[in-house]
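> Below: one structure in structure tokens.
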Amino acid sequence: MSIDLTFIGQIVVFLTMVVLLKKHLYVPLNEAMESRTKKIAEGLAAADAGNKAREAAEKEVEAQLIAARNKAQEIVASAEKRAAEVAESATNKARDDASKIVEAAKEEVAAEAVRARDALRSEVASIAMLAAEKVLGAEIDAKRHAALVEGVIRDGFVK
Amino acid sequence: MADNSIASHLQYWTYVVDESNPFMQIHLDTMVVTLFVATLMVGFSLWLKGKIVAGAPVGAQNGAESLVGFINDTVNDNFPVKNPLIAPLALTIFVFIFLVNTLDVLPAYLLGNVAHLFGIHHFRPVPTNDLNLPAAMGVSVFLLVLYYEFKLKPVHFCKELLMEPFTSLVPGFLKPVVMPINLILKLVEEVAKPLSLSFRLFGNMFAGEVIFLLIASLLLGGGPIAVGAGFFVGLGWSFFHLFIGLLQAFIFMILTVVYLSIAHQPVEH
């Protein structure tokens, strides 16, 4: 229980141990721990950044979807408008055409009627002539009375 | 064969360099066990150093890391500034004292009897029971404290030695008179640090060992009842002593950190 040379020896052992343990145990372990801490922090930061990027991307997607939907609606609306226009113009054209055809037909019919009337008139005139010839039993000067007969027929038809 | 009296178990395996000078001798048992433990620790670090990974730690690295983390927390809580030497110092103190103290739970006569086989008459297995080891560590810490005091704030420290605590309390003409008193008080205060540090550890461990020896002598001396009682008492004391060893290692470590942190405190104006 006395202080002696052991004391000196112990100081040497102790200080040597401090130096060796610092170099071989504490420093490498601490470096490993610090680098791990850094790595984990970086990983967490990267995860955060990833989450943020994903949120931004989701917002972007949503915005683009809305824009696309609007655009689609616009396109549909303009297409509908255009279709309506086309249909209307087609209808108008068809109506015009129909009225034209009707007009032409009417004209045709009128012309036909005139023609038929003329034919009938001449027919009736000759028939009347024949009938009158028969009734009168006398020859009627066709050339003399033609104007008279024709006037009657025309007036009668017109009536 | 040595006799079994307790006193004989408290003798060191000594190599005497110079008979006339009591300082010139060396306790071989203390040195051998200390070197053995130190070699174990350094060997463990060298072994672990090769397989340290920065990724997920496994096995021994887990344990070592939690220990280093604990020491780092303790040091960072106490230290106002960064000093890369403090944490390794605290780590060494804690682990080394704990390992050496733990040797004390080996059966009291075991290592001594092993040593007897090799013709060594006296062998003390636990180096912390030898005042030389706690004193060496305490003085080393004290020298470090003085070194940092003088390195970081030499003027302030010298002023403190001469001026504290009385100078501000006495009138001007008495100030030179109280200077030597201040110096003596301050020196006592400073020297008390390594003394209390080393004697606390030494006293605890020495007393623990003596109690082991007392229990053993009871156990060997009486009948079967004494043997049974001695066994359980010895077992209980072993657990308690293990705890004391851990506690003393922690106290030595934390006081070292505190003393050094006082030396590192920035000067207040």
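> Would you pick out the residues in region B:244-269 that are more than 15 Å from the chain's Cα centre (by Cα) and of a type outside the set (Val, Ile, Thr)?
Within region B:244-269, B:260, B:261, B:263, B:264, B:265, B:266, B:268, B:269 meet the criteria.
> Oh, and also: Give the number of residues within region B:86-113 that are more than 14 Å from chain A (Cβ to nearest Cβ) and in a helix (DSSP H, G or I). First the steps, then the outcome.
Kept after step one, since they are more than 14 Å from chain A (Cβ to nearest Cβ), are these residues of region B:86-113: B:101-113.
Subset that is in a helix (DSSP H, G or I): B:101-105, B:110-113.
Residues meeting the conditions: 9.
> Another question, then. Tell me the residue from A:61, A:152 that is part of a helix (DSSP H, G or I) and modelled with pLDDT of 80 or more, please.
Details: A:152 fails: modelled with pLDDT of 80 or more.
Testing whether each residue is part of a helix (DSSP H, G or I) and modelled with pLDDT of 80 or more leaves just A:61.
> From the list B:136, B:90, B:115, which one is of a type in the set (Gly, Ala, Ser), over 21 Å from the mean Cα position of the chain (by Cα) and surrounded by 15 or more Cβ atoms within 10 Å (Cβ to Cβ)?
B:115
> Quick one: count up the residues across region B:48-70 that are more than 8 Å from chain A (Cβ to nearest Cβ) and among the hydrophobic types (A, V, I, L, M, F, W, C).
Residues flagged as more than 8 Å from chain A (Cβ to nearest Cβ) and among the hydrophobic types (A, V, I, L, M, F, W, C) within region B:48-70 amount to 5.
> Then there's this: Residue by residue through region B:120-178, note down the ones that are under 17 Å from residue B:89 (Cα atoms) and either touching a strand residue (DSSP E or B) at 6+ places or on another chain (Cβ under 8 Å) or aromatic (Phe, Trp, Tyr) (or both).
Residues satisfying the conditions are B:142, B:147, B:148.
> Sort through A:54, A:36 and tell me the only one that's under 22 Å from residue B:56 (Cβ atoms), basic (Lys, Arg) and either at the interface with chain B (Cβ under 8 Å from one of its Cβ atoms) or free of Cβ contacts under 8 Å to residues at least 60 places away in the same chain (or both).
Residue meeting the stated conditions: A:36.
> Quick check, is residue B:81 more than 14 Å from every other protein chain (Cβ to nearest Cβ), modelled with pLDDT of 80 or more and not in a helix (DSSP H, G or I)?
In short, yes.
> Quick one: what pairs do we get from region A:7-23, first residue within 7 Å of chain B (Cβ to nearest Cβ) and basic (Lys, Arg), second assigned to a helix (DSSP H, G or I) and surrounded by fewer than 22 Cβ atoms within 10 Å (Cβ to Cβ), C-beta under 8 Å, 6+ apart or different chains?
none
The values are calculated or read from the model by the stated rules, or taken from the named source; none is laboratory data. Everything quoted here is computed from the prediction, not taken from an experiment. Note: ideal-geometry Cβ built from the backbone for every residue, glycine included; neighbour counts use all protein chains shown.
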